[in-house]
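To start, the structure under review is shown below, and the notes come after it.
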Amino acid sequence: MARTSRWNHKNTKNGVWEIELSSWKYFHDYITQEMLDYSHYIWRGQRDSEWRLETSLDRELKRKRKDKRNTLAKEHLENFKYAVRGRRGKNPQELQDENDWWALGQHTGLSTPLLDWTESPFVALYFAMEKSTKTSKGKRAVYALGNSRVANSKITKSWTSSERPPILERIKPLQDENDRLVSQSGLFTRTPLGVTVEDWVDQNRKGATSGALIKLIVPEKGRLDCLRTLNKMNINHLTLFPDLYGSSGHCNKQLEIDKY
């Protein structure tokens, strides 16, 4: 991909691309000109371009002994199952799969091994830009993750342990307790404990030149105009959070941003 005045392909290593946009205004151009035919990618926005694709549970477990982390994660999930008894309303949907329980916890603030993603690059851009908190280098990031099924199937076939294989898994729950997932075209990924998405791709795409993981670095300059533009596209708190939290968040944006 050539260097242009709109974006610069900075780096390619083991399937990870880094592309820096000269302005948020060119995000739409990049998507329509470079990504329109690649519907298998999923997207995630992060408020700081220096942040890793790391789960909330991994951040908590960093303070624990490495050999205890898997046990602590299992205990954490069991504690959550007991803690929600009688709190899911009448006749709650039965959850048997471990990932469904983690997804329920992710929705309600539990530290989990899941990361939130969306099928919409523009929803990801909204979440990258939404918070007013200043970043470390004045740049935010939107990630695009390709399909990892090939590597996953190879790992699963060769895996003999009773433990979960060290795969990068996409999770799209069918449960009815997270209406935000529908509004946000949301889904999750899960990697082995202690392994970021970047590290997983780096370890399993040695020598690859294709973009298994694309990091779009977006300057935060012009953030308010970016949010105003996304609002014109009907991407805002009101549509992404179909609850009172979304109503409050949308009104706060109207207070913060002139002509929102």
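The values are calculated or read from the model by the stated rules, or taken from the named source; none is laboratory data. Note that the structure is a prediction, hence the values are computed from the model and not measured. Reconstructed Cβ throughout: ideal geometry from the backbone, glycine too, with neighbour counts over all protein chains shown. Protein only, heavy atoms only, side chains kept; ligands, DNA and RNA dropped before computing areas. Shrake-Rupley method; radii C 1.70, N 1.55, O 1.52, S 1.80 Å.
Being closer than 23 Å to Arg170 by Cα and assigned to a helix (DSSP H, G or I) is the filter here, so list the residues in region 83-102 that pass it.
The initial filter retains those residues of region 83-102 that are closer than 23 Å to Arg170 by Cα, namely 93-102.
Residues satisfying the conditions are Glu98, Asn99, Asp100, Trp101, Trp102.
If you check Leu240, Leu224, Leu230, which single one turns out to be closer than 23 Å to Gly109 by Cα and out of contact with any strand residue (DSSP E or B) (no Cβ under 7 Å at 6 or more places or on another chain)? Walk me through how you get there before you give the answer.
On the way: Leu224 fails: closer than 23 Å to Gly109 by Cα; Leu230 fails: closer than 23 Å to Gly109 by Cα.
The unique qualifying residue is Leu240.
Whether any residue in region 178-190 is hydrophobic (A, V, I, L, M, F, W, C), open to solvent by less than 20 Å² (accessible area, probe 1.4 Å) and farther than 14 Å from Met129 by Cβ is what I want to check. So that I can check it myself, show each step before the final result.
First, the residues of region 178-190 that are hydrophobic (A, V, I, L, M, F, W, C): 181-182, 187-188.
Pick out the ones that are also open to solvent by less than 20 Å² (accessible area, probe 1.4 Å) and you get 187-188.
Among the residues that remain, those that are also farther than 14 Å from Met129 by Cβ are: 187-188.
Looking through region 178-190, at least one residue is hydrophobic (A, V, I, L, M, F, W, C), open to solvent by less than 20 Å² (accessible area, probe 1.4 Å) and farther than 14 Å from Met129 by Cβ.
For residues in region 128-169 being closer than 30 Å to Leu21 by Cα and among the polar types (S, T, N, Q), which is surrounded by the most Cβ atoms within 10 Å (Cβ to Cβ)?
Ser148
What do you reckon, is Ser22 open to solvent by less than 80 Å² (accessible area, probe 1.4 Å) and either within 21 Å of the chain's Cα centre (by Cα) or at positive phi (or both)?
Working: open to solvent by less than 80 Å² (accessible area, probe 1.4 Å): yes; either within 21 Å of the chain's Cα centre (by Cα) or at positive phi (or both): no.
Spelling it out, it is not the case that Ser22 is open to solvent by less than 80 Å² (accessible area, probe 1.4 Å) and either within 21 Å of the chain's Cα centre (by Cα) or at positive phi (or both).
Could you please find all residues in region 40-82 being among the hydrophobic types (A, V, I, L, M, F, W, C) and either open to solvent by 30 Å² or more (accessible area, probe 1.4 Å) or part of a strand (DSSP E or B) (or both)?
At the first step, the residues of region 40-82 found to be among the hydrophobic types (A, V, I, L, M, F, W, C) are 42-43, 51, 53, 57, 61, 72-73, 77, 80.
Listed by number, the residues that qualify are Ile42, Trp43, Trp51, Leu72.
Name the residues in region 238-259 that are assigned to a loop (DSSP other than H, G, I, E, B) and open to solvent by 70 Å² or more (accessible area, probe 1.4 Å), would you?
Taking region 238-259 and keeping what is assigned to a loop (DSSP other than H, G, I, E, B), we get 241-243, 257-259.
Across region 238-259, the qualifying residues are Asp258, Lys259.
For Lys172, only one of the following conditions fails: (1) open to solvent by less than 50 Å² (accessible area, probe 1.4 Å); (2) within 19 Å of the chain's Cα centre (by Cα). What is its number?
Just one mismatch for Lys172, condition (1).
Out of all the residues in region 200-237, which are outside any loop (DSSP other than H, G, I, E, B), open to solvent by 20 Å² or more (accessible area, probe 1.4 Å) and either farther than 16 Å from Gln46 by Cβ or of a type in the set (Lys, Arg) (or both)? Break it down into steps so the answer makes sense when it comes.
Our first condition is that a residue be outside any loop (DSSP other than H, G, I, E, B); within region 200-237, this holds for 200-204, 213-219, 223-232, 237.
If we keep only those that are open to solvent by 20 Å² or more (accessible area, probe 1.4 Å) as well, we get 202-204, 215, 219, 223-225, 228-229, 231-232.
Within region 200-237, Asp202, Gln203, Asn204, Lys215, Arg223, Leu224, Asp225, Arg228, Thr229, Asn231, Lys232 meet the criteria.
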